[in-house]
Amino acid sequence: MQWNTRDSMNFLSKLTFTRAANAFKVYASYLYSKYTKKPVQWGYPVSISFEPTTSCNLRCPECPSGLRAFTRPTGMLEKNFFKETIDQLYQELSYLVFYFQGEPYLNPEFLEMVKYASSKKIYTATSTNAHYLTDAAAKKTVESGLDRLIISIDGTTQETYKQYRVGGNLEKVLAGAANIVRWKKELKSKTPFIIFQFLVVRHNEHQIEDVKRLAKEIGVDQVRLKTAQVYDYENDPNNLIPANKKYSRYKKNKEGKMAFNGNNANHCWRLWNDPVITWDGTVVPCCFDKDAQHKLGSLRQQPFKELWHNKEFKNFRSQVLQSRQNIDICANCSEGVKVWG
């Protein structure tokens, strides 16, 4: 996660003694596990990602949601089900991400769920393609108490933008961002902290400085550069891997083939700190299990606090500590990949 001073102060203002103590216990158990290779968990998640929906209006080429390639069902997170889980966890939970796959604003109850989490003084964030940030939706977003809004903008001209955001309209994205900026001013709100997230790929890497200028013109708080996950990186059929190596997860190996440039050491902070809950209550290890292949439990069958310490979670953590490189979802993980910008 990247922060600035104002955003950090907002996060810290929500940090209670119980949440800080829980974070300390989780981090201590992670370090203990990392060095002893024994999977222990002494607290509850510091952060959780909740999936509002798997539906999406775009067709991005490396996204299972965009490609309509899921084997799991498409659906919408129910507000009451969400509330039940938050009521179990809010005392320990510091950070809540309303995103996994799909476009959050397609869920008609999305902002009501944000509002409920905000009422529990949990730091809330979401990621959107911004096509539904109408004037009315922008006003409701600011009023919901959302703390961080990540807007995906992968090009500064329509021609460049649509190459990855297939079916997208850059004009709508920029108008949506401007709507949020305007309503923050109108309502005298310091939130949400607005981020332009720029997925650096071959066809847009020349526009990095342009997106920074564009963000400044609109009043966006920060630009964040992100490396692209390419499933078939050896062949790169969509020609996405950037020429500039510092923006790539991949590099040529000794044989001249593209290879992953990340860190596949036998440990991972995400698995101790930041699980993902799909729209239907399935709990998976992290945000790289996009099709929920590694099911560690279901909130339809078991409360989260029991599930978090079950044998499935313990076994998966043990696998990470022993042979992370052999776990499919870890093979393309951005953990350990650095991007400057």
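Summing Lys and Arg as +1 and Asp and Glu as -1 over all other residues whose Cβ lies under 12 Å from the Cβ of Lys290 gives a net charge of -4. For the cross-link pairs Lys140/Lys246; Lys254/Lys295; Lys184/Lys212, the ones whose C-alpha atoms lie over 32 Å apart are Lys140/Lys246; Lys254/Lys295. Using a 1.4 Å probe on the protein heavy atoms, what percent of the accessible area of the chain belongs to carbon and sulfur? Carbon and sulfur together cover 50 percent of it. Need one word for the range 189-234: rounded, prolate or oblate. Basis is the Cα gyration tensor (sqrt eigenvalues a ≥ b ≥ c); a/c below 1.5 gives rounded, then a/b vs b/c decides. Cα axes put the range 189-234 in the oblate bin.
Think of each Lys and Arg Cβ as +1 and each Asp and Glu Cβ as -1; about the Cα centre, that makes the dipole of the chain roughly 920 debye. Label positions at Thr157 and Arg213, each projected 7 Å from the Cα along the C-beta direction, are separated by 1.3 nm.
Of the residues Val220, Asn238, Gly155, the one whose Cα sits farthest toward the positive end of the charge dipole of the range 122-279, with +1 on the Cβ of Lys and Arg and -1 on the Cβ of Asp and Glu, is Val220.
Between Lys190 and Lys83, the FRET efficiency from the beta-carbon distance, with R0 = 25 Å, is close to 0.45. For Phe82, the shell of other residues with beta-carbons less than 11 Å away shows a net charge of -4, using +1 for Lys and Arg and -1 for Asp and Glu. Taking a ≥ b ≥ c as the square roots of the Cα gyration tensor eigenvalues, with a/c under 1.5 meaning rounded and otherwise prolate when a/b beats b/c, else oblate, which class fits the range 204-274? Oblate, because a/c is 1.5 or more while a/b does not exceed b/c. For the chain, a Gaussian network of Cα nodes joined below 10 Å ranks Lys188, Lys162, Lys295 by mean-square fluctuation, and the top entry is Lys188. No disulfide-compatible partner, judged by a Cβ distance under 4.7 Å, exists for the following cysteines of the chain: Cys56, Cys268, Cys286, Cys287, Cys330, Cys333.
Projected label points at Ala28 and Glu143, each 7 Å from Cα along the beta carbon direction, are separated by 4.4 nanometres.
To the nearest 0.05, what FRET efficiency results for Asp328 and Arg182 with a Förster distance of 41 Å applied to their C-beta separation?
0.40
Neighbours of Phe193 by Cβ distance under 14 Å: Lys/Arg scored +1, Asp/Glu scored -1, total +3. Between the C-alpha center of the range 76-123 and that of the range 157-230 there is a gap of 24 Å. Per residue, the solvent-accessible area of the chain (1.4 Å probe, heavy atoms of protein chains only, all protein chains present) comes to 46 Å².
What shape does the range 50-157 take by its C-alpha gyration tensor, where a ≥ b ≥ c are the square roots of the eigenvalues and a/c under 1.5 counts as rounded, a/b above b/c as prolate, and the rest as oblate?
Since a/c reaches 1.5 but b/c is at least a/b, the shape of the range 50-157 is classed as oblate.
Would you mind working out the magnitude of the charge dipole of the range 147-276 relative to its Cα centre, with +1 at each Lys and Arg C-beta and -1 at each Asp and Glu C-beta, to the nearest 20 Debye?
380
The values are calculated or read from the model by the stated rules, or taken from the named source; none is laboratory data. Quick caveat, the model's predicted, so the values are computed rather than measured. No Cβ is skipped: glycine too gets one built from the backbone with ideal geometry, and neighbour counts run over all protein chains shown. With ligands, DNA and RNA removed, areas are computed over all heavy atoms of the protein, side chains included. Shrake-Rupley method; radii C 1.70, N 1.55, O 1.52, S 1.80 Å.
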